[in-house]
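Colleague: This structure is in C-alpha cells; I'll ask about it shortly.
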Amino acid sequence: MKNTFYFVLTVCLCVMFSLNAYPVDNAYGVNTHNFPIDFLSNQTIKNRLVELGVKWIRAEVPWHAIETVQGMHWDDFNYTAPDEIIKFAQANDINILFILAYAPSWYGGPTYLHHTFISKWQIFVREMVERYDGDGHKDMPGLTKPVKHWELWNEPNLKQFWNTGTLFADLGTFKNNVLGPGMDALRDADPGAKICGPGLSSANNPKDWLESITNQFGTCFDVITHHQYDGSD
C-alpha cells in the first residue's frame, strides 16, 4: 500500500509539473505512428492535425530507414523522411517528440543491438540530434523550429520491440547497449535537449523496468513517458 501511495503521488506530481511547464493550449498531441510512410502519404491526417490545432506529434524514426546501407558513412544518411516531418511541423507551429529506435539488421536489429555496435548507435543518435537541434552545426537546410524532445527506443519491455533471443525482453542489455550510451550521445550533441523516456508499455511488468531504469538513470530524464493502454487504472 505504501509503495502504491508513493507511485500515485509521483504520477500526480508529474502531471502537475507538466501542466505548469506547458501552457494548456500547448498540452495536446497525436501519435502519428508508423513513421514514415503512413504519415507522409496521408494528406488527410496532416489536414486534421492542423484543423484540430494539435501542437505536438510523436514520430518514430527507424534507424534502419536512415542508415540504409551497411558501411554507410554518416554524411550519406537518408534524412528525407524526417526532414519532411520537420517541414510540416515547423510550417504549422507543431512540436515534435522524435523516437529513435530499430537498428539495421547488420547491427543485430531491428529489435536488438549487439554490444559490439554500441558506437554505431551513438553515431546515429548524435547525427540525428545534430541535424535538428538548431545550433547551426550540421543543421537541416531551412530549419527554423528545432527539435528539443527525444526518446530512445519504443516499449523496450515488450519482446516484439526489444528481443535478445531469450524468453523475455532483457532489461540489462537494453540499459547497457541502448539507453545509457544513447543518453550520452544525445546530451553530447545537444546539452539543452529534453531526454524523454523510458517509453514503456503498460504490459509485461512495467513497474520493475521503470524502477530499475529510474534508479540508474532517473536524474538523466527530463520527462517521464509511459504508454498506458489498460484502462481502469
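The values are calculated or read from the model by the stated rules, or taken from the named source; none is laboratory data. Remember, predicted model here, so these are calculated numbers, not experimental data. As a convention, Cβ positions derive from the backbone with ideal geometry for all residues, glycine included, and neighbour counts pool all protein chains shown. Note: accessible area is taken over every heavy atom of the protein model, side chains too, but ligands, DNA and RNA are not part of it. Shrake-Rupley method; radii C 1.70, N 1.55, O 1.52, S 1.80 Å.
Colleague: From the gyration tensor of the Cα coordinates in the range 112-184, what semi-axes in whole Å does the equivalent ellipsoid have, largest first, with each one equal to sqrt(5λ)?
Modeller: Equivalent ellipsoid of the range 112-184: 29, 13, 9 Å, largest first.
Colleague: For the range 115-233, report the accessible area per residue in Å² (1.4 Å probe, heavy atoms, rounded to an integer).
Modeller: It amounts to 46 Å² per residue over the range 115-233.
Colleague: Ignoring everything but the protein chains, give the 1.4 Å probe accessible area of Asp230 in square angstrom, nearest 10.
Modeller: Roll a 1.4 Å probe over it and Asp230 shows about 100 Å².
Colleague: Along the positive direction of the dipole of the range 73-170 (beta-carbon charges: Lys, Arg +1; Asp, Glu -1; about the Cα centre), which of Val147, Asn163, Ile94 reaches farthest?
Modeller: Asn163
Colleague: Please list, or write none, the aspartates and glutamates whose alpha carbon is within less than 20 Å of the alpha carbon of Lys159, excluding same-chain residues fewer than 8 places away.
Modeller: Glu60, Glu151, Asp170, Asp208, Glu211, Asp230
Colleague: Moving to a separate point now. How many percent of the accessible area of the range 56-191 is carbon or sulfur, using a 1.4 Å probe?
Modeller: For the range 56-191, the apolar C and S fraction of the accessible surface comes to 53 percent.
Colleague: Please compute the volume of the convex hull spanned by the alpha-carbon atoms of the range 94-233 and report it per residue in Å³.
Modeller: 119
Colleague: So what are the three principal axis dimensions of the range 150-199 from its Cα atoms, in whole Å, longest to shortest?
Modeller: 38, 16, 10 Å, listed from the longest principal axis down.
Colleague: Can you give the accessible area of Lys194, probe radius 1.4 Å, in Å² rounded to 10?
Modeller: 80
Colleague: If you don't mind, another one. Provide, in order from the shortest bin, the percent of all Cα-Cα pairs of the range 169-233 in each 10 Å bin, continuing until the bin that contains the maximum pair distance.
Modeller: Distribution as computed: 19, 52, 24, 5, 0 percent.
Colleague: Within the set Lys145/Lys207; Lys120/Lys207; Lys46/Lys194; Lys120/Lys145; Lys120/Lys194, which residue pairs have Cα atoms separated by over 32 Å?
Modeller: Result: Lys145/Lys207 exceed 32 Å.
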